[in-house]
Amino acid sequence: MDGLNIRLQHVWALSDLHGRYELAVKMIEEVLRFNPSHDMLIVVGDIIDGHKDTKRLVDYLRELRANHPDKVKLLLGNHEALALRTYYELHIADMVSTQSNPLEWLMYYGGVETIKSYGSDLDSCFAELIPFIESLDLYYMTKRYLFVHAGVPVGTEDIRDVPLYDLLWNTDLNYDGKRTLIVGHSIVPQVMKKGKIVFINTGKVLSALDVLSGKVRSISE
């Protein structure tokens with residue numbers, strides 16, 4: 001009926017973990033009691049940045065996905081995209097333009113904390129982090145639901161035609177697609193639905209939505 005395996009008991013969606021390893025693990029293991037034998041976990045981007053434990057979180061989620069690739073989906077967020085852009089701008093001269101600012105990620109988006117979590121060595125950080133970022137999905141879609149980091153423009157008929165910028169930054173509330181859209185990125189006071197969009201990023205309070213039942217679980221540091 002919902003386009004997901006009918007044997008699943010829960011399909012948990014989380015977003016904007018931002019390196020908060022201990023909070024994320026507490027949510028996944030203690031609050032949600034995630035069990036890949038009958039549950040699914042979808043993290044809709046912004047796994048990195050802003051916290052000293054980013055590396056621990058990346059390693060944890062990478063292993064969890066490797067052990068359960070059909071039950072754990074990790075999506076790209078704008079923070080991962082900024083880190084990737086910084087890597088290419090610093091390593092591939094042809095990509096640097098007058099509009100480029102390789103320091104933007106470091107100065108304004110929490111990249112410094114991410115690098116510190118890898119021992120404060122930029123090259124070592126990129127050696128581990130970039131392959132992980134490049135492995136992230138842009139979206140996850142079922143018959144009834146579409147999961148992306150930020151949004152989808154109104155009038156979209158095929159998700160494959162949506163520019164990357166929109167998937168990672170778009171906050172258009174006029175989305176009119178066939179599927180219910182599950183997004184992070186925009187901070188809301190509580191998990192809420194506006195039109196056909198469900199917003200799940202509750203900022204410092206970490207929230208998880210079970211899209212099958214509509215139940216919400218929230219915890220804070």
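Regarding the range 87-108, can at least one residue be identified that is within 15 Å of the chain's Cα centre (by Cα) and under 24 Å from Gly151 (Cβ atoms)? The answer is no; no qualifying residue exists.
Selection within the range 198-221: residues that are out of contact with any helix residue (DSSP H, G or I) (no Cβ under 7 Å at 6 or more places or on another chain) and in a strand (DSSP E or B). The member of this set that is farthest from Glu22 (Cα to Cα) is Val198.
Using the structure shown, decide if Glu128 is at pLDDT 90 or above, touching a His at 6+ places or on another chain (Cβ under 6 Å) and more than 17 Å from Ile42 (Cα to Cα). So Glu128 fails the test.
Scanning the range 170-205 for residues that are under 14 Å from the mean Cα position of the chain (by Cα), closer than 11 Å to Ala13 by Cα and among the aliphatic types (A, V, I, L, M) returns Ile182, Val183, Ile200. On the stretch given as the range 174-197, residues that are buried (at least 17 other Cβ atoms within 10 Å of the Cβ) and not in a loop (DSSP other than H, G, I, E, B) total 5. For His51, are the conditions met, namely being surrounded by 14 or more Cβ atoms within 10 Å (Cβ to Cβ), touching a Leu at 6+ places or on another chain (Cβ under 9 Å) and modelled with pLDDT of 95 or more? No: the conditions fail for His51. In the range 54-67, the residues that are at negative phi and at pLDDT below 95 never reach a residue that is surrounded by fewer than 19 Cβ atoms within 10 Å (Cβ to Cβ) and part of a helix (DSSP H, G or I) with C-beta atoms less than 7 angstrom apart, at least six apart or across chains. Any residue at all in the range 25-35 that is in contact (Cβ under 8 Å) with a residue 60 or more places away in the chain, part of a helix (DSSP H, G or I) and surrounded by fewer than 21 Cβ atoms within 10 Å (Cβ to Cβ)? There is at least one residue in the range 25-35 that is in contact (Cβ under 8 Å) with a residue 60 or more places away in the chain, part of a helix (DSSP H, G or I) and surrounded by fewer than 21 Cβ atoms within 10 Å (Cβ to Cβ). What about Thr156, is it without any contact (Cβ under 8 Å) to a residue 40 or more places away in the chain, part of a loop (DSSP other than H, G, I, E, B) and of a type in the set (Val, Ile, Thr)? So Thr156 fits the description; yes.
Among the residues of the range 110-125, those that are out of contact with any Ser or Thr (no Cβ under 8 Å at 6 or more places or on another chain) and either without any contact (Cβ under 8 Å) to a residue 40 or more places away in the chain or surrounded by 20 or more Cβ atoms within 10 Å (Cβ to Cβ) (or both) comprise Gly110, Val112, Ile115, Gly119, Ser120, Asp121, Leu122, Asp123, Ser124.
The values are calculated or read from the model by the stated rules, or taken from the named source; none is laboratory data. No experiment lies behind these values; they were computed from the predicted model shown. No Cβ is skipped: glycine too gets one built from the backbone with ideal geometry, and neighbour counts run over all protein chains shown.
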